[in-house]
Amino acid sequence: MYQVGKPVTGKNFFGREKEIELLTTYLKMGQSVVLVAPRRFGKTSLVMEVLNRMKEDDHYTAFIDVFTNPTLELLSSAITEEVLKNHKLHKQFIAAKNSASAMISNIKMKAVLDDFQFIIGFTENNKDEWELISESIDFVDTFTAKHHARIICAYDEFGDLNKFDPKGDLVKLFRSKIQQHQNSTYIFSGSYESVMQNMFVNSKSPFYRLARIMHLGYMENEPLKKHLLSGFKQLKLKVTEGFIDAIIQQTMAHPYYAQLAFQQAVLFNAIKSRLPDIDELMSQMTAAETDYLEKVWEDISNNREYVYTLRAIAENGKNVYSRLKSKNINIARASKKLQGMGILFKSEKNGYYISDPLLKRWINRNL
Ligand SMILES: Nc1ncnc2c1ncn2[C@@H]1O[C@H](COP(=O)(O)OP(=O)(O)O)[C@@H](O)[C@H]1O
Ligand SMILES: [Mg+2]
């Protein structure tokens, strides 16, 4: 499989051993965790992998992607489906969802539920969305309790809850319910650093102290190197270790770009009957990602401060303050905001840098 972009599981998943260890240890203690990283750092893949392992450890599991559910009713349904999946009843639930009589006559489903009325609620014409979501949130815990199990429930792109109500009532509802749950442990993952911080880290935030925060960074070099070497070898493509090292260095061991590098190198070889050198490869990758990079840039470039700050940092992370002095820009504020968006990372030694290696390259070449 050389597809890049979708979350990876099973055989296609590699590395992240330390993160898996930490995450599963927390979860087994019953400690909920917040997982934060920019887009494409492998959050969803990691969460799915961990859920699979917890399933093998006899836990119930549920995976809910908040981002892909546009309405509260669909989100409620997704939660309920995922919970029922643990008893392989999700298909029956989906099939009966539009008919009260079908639902009522479903004996198997009835047998495993305490509160059947709640499930009937999905079939009603005038559904109360808030009631549905409210009961679905609790269903995770009540269903699990009834069956004397423990559940690991993951809400992916959790920050996206804000789209349903900017006032934050829904987030408060989640909090007030989840903190009572005795049989459920949660993973909340999200890509917008500042949104997740606001939800979990500020002392005034609704989820303050409810979950341990974990930041997911680049991959470790060694497992990545092994993976790339064996990938090329399987295709009988001769590569030097230097070439692999260059890929890792240029992509900063960013999981998505490392995988893309492999895919694009294979593609290059198919067309030109030879492997690219590292510059050719990086150019081809940047070309393949143009739409994405332009979109990212479009989202930030309406702010003059961001533009100057990013251009300066892309060029060189050092002495940004003095280099931009004449521009009359509040770099500290811009950097902080960009960090909150996951676009900048900060290191003790070198200060701010752009988290996406291709975005950095693209800014330097195009602007
Ligand atoms: N552990 C991993 N092993 C292999 N590939 C990975 C891994 N983590 C991420 N990737 C690559 O990165 C891409 C994005 O991963 P994904 O889990 O969707 O990230 P996120 O949820 O943070 O946006 C995947 O399509 C895959 O190519
Ligand atoms: Mg994801």
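Quick notes on this one:
Residue by residue, here is whether (1) free of Cβ contacts under 8 Å to residues at least 24 places away in the same chain; (2) assigned to a helix (DSSP H, G or I) holds:
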position	(1), (2)
L51	no, yes
K55	yes, yes
F67	no, no
Q92	yes, yes
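- So D279, is it outside any loop (DSSP other than H, G, I, E, B), under 30 Å from L237 (Cβ atoms), not aliphatic (A, V, I, L, M) and not assigned by TED's automatic domain parsing to the domain that holds S194: yes
- Close contacts from the stretch 221-239, counting a first residue that is among the charged types (D, E, K, R) and a second that is away from ligand 1 (no atom under 13 Å from the Cβ), with Cβ to Cβ under 6 Å and a gap of 6+ residues or different chains, come to K225/I244.
- Residue-level analysis places F63 outside the set of residues that are within 16 Å of ligand 2 (Cβ to nearest atom), within 15 Å of Y155 (Cα to Cα), touching a helix residue (DSSP H, G or I) at 6+ places or on another chain (Cβ under 8 Å) and open to solvent by 50 Å² or more (accessible area, probe 1.4 Å).
- Condition check for V36: within 18 Å of K146 (Cβ to Cβ) and crowded, with 21+ Cβ neighbours inside 10 Å: no
- Which numbered condition M285 fails, given (1) at pLDDT below 95; (2) surrounded by 19 or more Cβ atoms within 10 Å (Cβ to Cβ): (1)
- Hey, V47 within 15 Å of ligand 2 (Cβ to nearest atom), touching a Pro at 6+ places or on another chain (Cβ under 9 Å) and open to solvent by less than 20 Å² (accessible area, probe 1.4 Å) or not: yes
- Taken over the stretch 18-33, the criterion of being open to solvent by 20 Å² or more (accessible area, probe 1.4 Å) and assigned to a loop (DSSP other than H, G, I, E, B) is satisfied by G30, Q31.
- Boolean, V83 is in the same structural domain as Q180 (by TED's automatic domain parsing), in a helix (DSSP H, G or I), open to solvent by less than 20 Å² (accessible area, probe 1.4 Å) and away from ligand 1 (no atom under 13 Å from the Cβ): yes
- Where helices (runs of 4 or more DSSP H) sit wholly within the stretch 282-367, those with at least 2 residues that are farther than 27 Å from G42 by Cβ and outside the structural domain of L260 (by TED's automatic domain parsing) occupy 304-315, 320-323, 331-340.
- Count of the stretch 258-306 residues, restricted to those that are closer than 26 Å to G217 by Cα, of a type in the set (A, V, I, L, M) and free of Cβ contacts under 8 Å to residues at least 60 places away in the same chain, is 8.
- Pair list, Cβ under 7 Å, 6 or more apart: the stretch 341-367 residue closer than 19 Å to E305 by Cβ and among the basic types (K, R), other residue open to solvent by less than 20 Å² (accessible area, probe 1.4 Å) and not in a strand (DSSP E or B): K360/A314
- The single condition among (1) in a helix (DSSP H, G or I); (2) under 17 Å from the mean Cα position of the chain (by Cα) that G15 does not meet is (1).
- Residues of the stretch 1-44 that are among the polar types (S, T, N, Q) and within 13 Å of ligand 2 (Cβ to nearest atom): T9, T44.
- Residue that is surrounded by the most Cβ atoms within 10 Å (Cβ to Cβ) [pool: residues in the stretch 148-164 that are in contact (Cβ under 8 Å) with a residue 60 or more places away in the chain and within 21 Å of K55 (Cα to Cα)]: I152
- So T71, is it out of contact with any strand residue (DSSP E or B) (no Cβ under 8 Å at 6 or more places or on another chain) and free of Cβ contacts under 8 Å to residues at least 12 places away in the same chain: no
The values are calculated or read from the model by the stated rules, or taken from the named source; none is laboratory data. Quantities reported herein were computed from a predicted structural model and do not represent experimental measurements. Neighbour counts are summed over all protein chains in view; Cβ atoms, including those assigned to glycine, are modelled from backbone coordinates with ideal geometry. We work out accessible area using only protein heavy atoms, side chains counted, and drop any ligands, DNA or RNA first. Shrake-Rupley method; radii C 1.70, N 1.55, O 1.52, S 1.80 Å.
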